[in-house]
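S.K.: Take this structure first; my questions come after.
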Amino acid sequence: MLNATFNCKVWSRHRRLRPNEHNLAIAFWRDYLSISQEVRAEKISPYQVTDERGRSGSSLTGVTFTETQAIIYHTRALTGEDIIHELLHVSHSDWNEQMVVQETDRLVVLMSSCAKQISPKLGYAPV
Ligand SMILES: [Zn+2]
């Protein structure tokens with residue numbers, strides 16, 4: 001069940017979430033996608049990321065996971081869309097990138113309608 005402080009702003013597709021909102025959005029989508037692993041987000045420096053040519057300073061959002069935990073690594077603030085995308089990789093590990101992108105787009109549309117269509121499923125009333 002979600003906390004009443006989880007309001008409509010969290011659902012905006014491109015808004016960069018504040019770190020304290022990461023956990024709210026992760027908790028929502030982890031529940032929605034029936035993910036059993038513990039999930040956390042970890043901010044890393046762009047200098048820890050290299051591109052195809054080995055140059056450091058790249059932007060990255062990605063997820064690694066095991067049977068018990070998933071970690072979303074990010075160099076910039078996460079958006080709601082980022083969290084849906086990365087968690088779909090966890091809940092549907094057999095999907096390719098295109099399938100994840102398509103389902104992310106579908107869920108973002110639900111998210112953008114400000115939780116009204118999702119919330120009955122969870123028994124959550126938007127504030
Ligand atoms: Zn992806």
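S.K.: For region 69-83, indicate whether the set of residues that are crowded, with 19+ Cβ neighbours inside 10 Å, part of a loop (DSSP other than H, G, I, E, B) and more than 13 Å from the ligand (Cβ to nearest atom) is non-empty.
M.R.: yes
S.K.: Pull out all pairs, ordered by first then second residue, where Cβ-Cβ is under 6 Å, the residues are six or more apart or on different chains, the first lies in region 28-47 and is under 11 Å from Ile71 (Cβ atoms), and the second is in a strand (DSSP E or B) and of a type in the set (Ser, Thr, Tyr).
M.R.: From residues that are under 11 Å from Ile71 (Cβ atoms), the pairs are Glu42/Tyr73; Ile44/Tyr73.
S.K.: Which residues, counting only those in region 90-111, are over 13 Å from the mean Cα position of the chain (by Cα), within 13 Å of the ligand (Cβ to nearest atom) and assigned to a helix (DSSP H, G or I)?
M.R.: Across region 90-111, the qualifying residues are Glu97, Gln98, Met99, Gln102.
S.K.: Right, something else. Take region 48-79 and flag every residue that is farther than 22 Å from Glu103 by Cα and in contact (Cβ under 8 Å) with a residue 40 or more places away in the chain.
M.R.: Matches in region 48-79: Arg76 only.
S.K.: Please specify each residue of region 43-68 satisfying the condition of being under 17 Å from Trp29 (Cα atoms), at pLDDT 95 or above and surrounded by fewer than 16 Cβ atoms within 10 Å (Cβ to Cβ).
M.R.: Hits for region 43-68 are Thr64, Thr68.
The values are calculated or read from the model by the stated rules, or taken from the named source; none is laboratory data. Since the structure is predicted, the reported quantities are computational estimates derived from the model, not experimental observations. With ideal geometry, Cβ positions are generated from the backbone for all residues, glycine too; neighbour counts draw on all protein chains shown.
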